[in-house]
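What follows draws every value from the coordinates through simple rules; no lab data is involved. Computed from a predicted model, the values in this text were never measured in an experiment. Ideal geometry is used to build each Cβ from the backbone, glycine not excepted, and the neighbour counts take in all protein chains shown.
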Amino acid sequence: MLLEILFNSPQMFLVIVLAIIYALTIHEFSHAATANLLGDTTAKQDGRLNLNPLSHLEFWGTAMLLVAGFGWGRPVPVNPYNLKWRRFGEAAVALAGPLSNLLSVVFFVLLINLLRAWLDPDNMLTIFLFQLLLVNLILGIFNLIPIPPLDGSKMLMSQLPYNLAKEYQKLEKYGFLILLFLVFVFPFCIYAPSSFFAKYTTSSSGS
């Protein structure tokens, strides 16, 4: 998918890659920062409490984003026993990643609409901001799916009774295969609505 853009438009490929790097970095950093705020310093000790993309990119997750448009960063190590309000803490740490992406979406929507009067739609900065919006939206929504190892599954698991959580955890060994199936068979389920939302919220309806 995205690899085709590399040969057709290297400049556009670079724009998308930079957007992906931002989205993954802010996502994983937010996990680490929230865990640290709630009392677990594991991520900080592992060198993850920073905004250096090299600390957060994971090979297969990044490759999936480049090839299929969906993916993930390197998982942030968290010791739930160190968290304040353990069950709430686990859910908060899991939610922090997708929430950072969705808050970024709000920011970029506002910024694009603010700059619309001065920047042409074909301006590279406008295109870059739109890709930042779209990639963050896709990553945020995708990670809320309750399939291991995505954040949605961790949020759900932390709130389930112990016995149900143990049964649900067994799904983890099939999680990657399920995700591959969803990505390649039903990519439109996330990409199409996300693309529509991005275009709608940044369209010049007033002109």
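What pairs in K44/K84; K44/K170; K84/K154 have C-alpha atoms more than 27 Å from each other? From K44/K84; K44/K170; K84/K154, over 27 Å: K44/K170.
Divide by every residue of the chain the summed helix terms, -39500 (n - 2.57) for each DSSP H run of at least 4, and state the resulting mean residue ellipticity at 222 nm, rounded to the nearest 500 deg cm²/dmol. Intermediate values should be presented prior to the final figure.
Values: 10 runs with 145 residues, N = 207.
Taken over the chain, the calculation gives -23000 deg cm²/dmol.
Under the combined filter of DSSP loop state and at most 13 neighbouring Cβ atoms within 10 Å, the stretch 108-204 retains these chymotrypsin sites (Phe, Trp or Tyr not before Pro): W118.
Using the Stokes-Einstein relation with a Kirkwood hydrodynamic radius computed over Cα pairs, the translational diffusion coefficient of the stretch 19-65 at 10 °C and a viscosity of 1.306 mPa s comes to 146 µm²/s.
Evaluated at q = 0.09, 0.11, 0.12, 0.18 Å⁻¹, a Debye calculation over the C-alpha positions of the chain (equal weights, vacuum) places log10 I(q)/I(0) at -0.37, -0.55, -0.64, -1.29.
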